[in-house]
Amino acid sequence: MTTELTADVCVVGGGPAGLTLAVELAKRSVSVVVLEQSGHFDRSFRGESVSPDSVWLLDKLGVLGRLDGAYQQMHGMEIIDSGSTVLRADFRRFPYPHPYPVEMPQPALLSALADLGQEEHPEHFTLVRRATATRLLRAGGESGPVTGVVARTPEGELTVRAALSVAADGRFSKVREMSGLPYTKLPLDRDVVWLKLPFPSGWDDRTYRIRIRGDQHGLFIPTHPDSVRVGFNIPKGGLKELRAQGLPALYERLGGLAPELAESVRSEIRSWSDTSMLDIFTTTVPSWSMPGLVLIGDAAHTLTPILGQGVNHAIIDAVTLAPLVRDAIDAGGDEAALARAGAEFQRAREGSVAKSRALQLRQERLFALHGVGGVGRRSLYRVVDRSQKLKERVLSGAYFQLQKPGPHVVEAQSPSTRV
């Protein structure tokens, strides 16, 4: 059976980018259909870090109040290199209204966004679950403007006809592939193995920890409510070799980076299925739009995991694009008006994305240094550590591109230390 829907906008992907955009469009009385291939949001995500600018935006959207405390403020960051603390940052000293990044389970965030759309804007917001985009509708042949999306659902084929379609389907975007828009994928020199452990005793749960030993490094991220996400680097394509060495090699690697976790990693990680691997790459897309289609979030500009920039830019993309689309529809909603909106969206966002990508790539290069290079890295971190202004300058590219300096509007949550 074939079902057909009509909307101003069809969004493919019900992640942070797609749902934020849909809520912002519906709030502006723009009808939107979101196609999400999963039947629920109860999935295991790595991208739970939300930067301060996005926390600020989510607060303005009314999302934070719907989360009922299902997130965790982070108050600081520390880098320990070769056993010595070389850099500490205290976000409580940063002069912005929302100075704190948060750790927020994506199922809670996505559920809150979906509920917001369905409860407050039901006449304009439609979420279709278990819908997998299979092809783009085009006018006048395969090279014509995009006029909607065809999706596969358990009930049969679904056709959504829309003036504008939006690819918000992530770093491996199928819509980007179907569109034919050219892009360049840049693999980096490492991949990351991720796992989750019980939160260790003696650590406070408001601090990001980075541990470095030679050219090995690990990220240790407190995770709501009582665990820690751990990511450690391996050479690009090195997972097969690591597995061949057996789990003791994994235990040794983590024990060297964080002795506090040596016992729990042995008791909790009993097979490789208790871990996952993230292929690290960035993607650059020269043009984020074509007639009838716009790419946002990771589909337009894949970033690395450093400093949680994927979710941050996804949310900022959404709140930037929504008013441009509303204006284009007010101007007639024709192909030319929507094309101008897509071009303006890219002009407004690509400088910020490039700034974050450059910061991430510099940090990637620093992590890879060892020997004499490692000495230089430690010296650089110590220079930054001695200056609050330098810390603010370094982190502003990732955390504070939107907010203006001003007094805090949120109080610091009390840290807890598990002993």
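Taking 1 over the mean of 1/r across every pair of different Cα atoms in region 106-201, what Kirkwood radius in Å do you get? Can you show the working numbers first?
Numbers: mean 1/r = 0.0592 Å⁻¹.
For region 106-201, inverting the mean 1/r across all distinct Cα pairs yields 16.9 Å.
Report ³J(HN,Hα) in whole Hz for each residue of region 54-67, in order, from the Karplus equation J = 6.51 cos²θ - 1.76 cosθ + 1.60 where θ = phi - 60°; Gly and Pro get x.
6, 4, 4, 5, 5, 5, 5, 6, x, 7, 4, x, 7, 8
Have a look at the DSSP beta bridges in the chain and tell me what percent are antiparallel, nearest 5.
In the chain, DSSP labels about 65 percent of beta bridges as antiparallel.
In debye to the nearest 20, how big a dipole does the chain give about its Cα centre with +1 on each Lys and Arg Cβ and -1 on each Asp and Glu Cβ? Can you show the working numbers first?
Details: 49 positive and 47 negative charges, 312 e Å.
The calculation lands at about 1500 debye.
Once phi is turned into ³J(HN,Hα) by the Karplus curve 6.51 cos²θ - 1.76 cosθ + 1.60 with θ = phi - 60°, what whole-Hz value does each residue of region 8-13 show in order, with x for glycine and proline?
5, 9, 10, 9, 9, x
So for the chain, taking the charge dipole from beta-carbon charges (+1 Lys/Arg, -1 Asp/Glu), which of 304, 56, 26 sits furthest toward the positive end?
304
If I model a spin label as a point 7 Å beyond the Cα along the Cα-Cβ vector, how far apart are those points for residue 120 and residue 68 in nm?
My value for the distance between the label points is 1.8 nm.
Only bridges with both residues in region 3-105 count here: give the DSSP antiparallel percent, nearest 5.
Working: 10 of 14 bridges.
Among the beta bridges of region 3-105, antiparallel pairing accounts for roughly 70 percent.
Over region 28-185, give the accessible area per residue in Å² for a 1.4 Å probe, as an integer.
41 Å²
Once fully extended, how much extra length lies between residue 6 and residue 204, figured as 0.36 nm per residue of separation less the alpha-carbon to alpha-carbon distance?
Between residue 6 and residue 204, full extension yields an extra 66.2 nm.
Over all directions, average the projected area of the Cα convex hull of region 163-227 and note it in nm².
If I average the Cα hull's projected area over directions, I get 8.0 nm².
At 0.36 nm per residue, minus the direct Cα-Cα distance, what do residue 343 and residue 184 gain on full extension? Give it in nm, one decimal, please.
Values: separation 159, 0.36 × 159 = 57.24 nm, distance 1.93 nm.
Once the chain is fully extended between residue 343 and residue 184, it gains 55.3 nm.
Which cross-chain or sequence-distant (5 or more) residues have an amide H under 5 Å from the amide H of residue 165, H modelled 1.01 Å from N in plane?
HN-HN under 5 Å from residue 165: 10, 293, 294.
Name the long-range amide H neighbours of residue 38: under 5 Å, sequence gap of 5 or more, or other chain; modelled H, no Pro or chain starts.
Result for residue 38 returns 130, 131.
Could you give me the ³J(HN,Hα) list for region 220-232, computed from phi with Karplus coefficients 6.51, -1.76, 1.60 and θ = phi - 60°, whole Hz, x at Gly and Pro?
With the stated coefficients, region 220-232 comes to 10, 10, x, 10, 4, x, 8, 9, 10, 8, 10, x, 10 Hz.
Going down the list 196/240; 60/174; 185/240, which pairs span over 29 Å between their C-alpha atoms? Let's see the in-between values first.
On the way: 196/240 20 Å; 60/174 31 Å; 185/240 22 Å.
Check vs 29 Å cut-off fails for 60/174.
In whole percent, how big is the carbon plus sulfur part of the accessible area of the chain, probe 1.4 Å, protein atoms only? Show your work: numbers first, answer last.
Working: 8950 of 17520 Å².
Whole-percent figure for carbon plus sulfur exposure: 51.
As an exercise, identify the GluC sites (Glu not before Pro) in region 146-206 lying in DSSP coil whose Cβ has no more than 13 other Cβ atoms within 10 Å.
Filter output for region 146-206: 155.
Obtain the nm distance between the two label points defined at residue 334 and residue 236 by a simple spin-label model: each point lies 7 Å from its Cα along the Cα-to-C-beta direction.
Between residue 334 and residue 236, the label points sit 4.7 nm apart.
With angles folded into 0 to 90 degrees, how steeply does helix 372-385 sit against the dominant principal axis of the chain? Use alpha carbons for both and round to 10.
Here the helix axis deviates by roughly 80 degrees.
What's the extension gain from residue 410 to residue 276 if we count 0.36 nm per residue and subtract their Cα-Cα distance?
Gain on extension, residue 410 to residue 276, equals 44.8 nm.
On a C-alpha basis, how far is the centre of region 13-43 from the centre of region 358-378 in Å? Whole number, if you could?
Each part's Cα centre sits 38 Å from the other's.
The values are calculated or read from the model by the stated rules, or taken from the named source; none is laboratory data. Since this is a predicted model, take the numbers as computed values, not measurements. Neighbour counts are summed over all protein chains in view; Cβ atoms, including those assigned to glycine, are modelled from backbone coordinates with ideal geometry. Ligands, DNA and RNA are stripped out before the accessible areas are found, and what is left, the full protein with its side chains, is counted by its heavy atoms. Shrake-Rupley method; radii C 1.70, N 1.55, O 1.52, S 1.80 Å.
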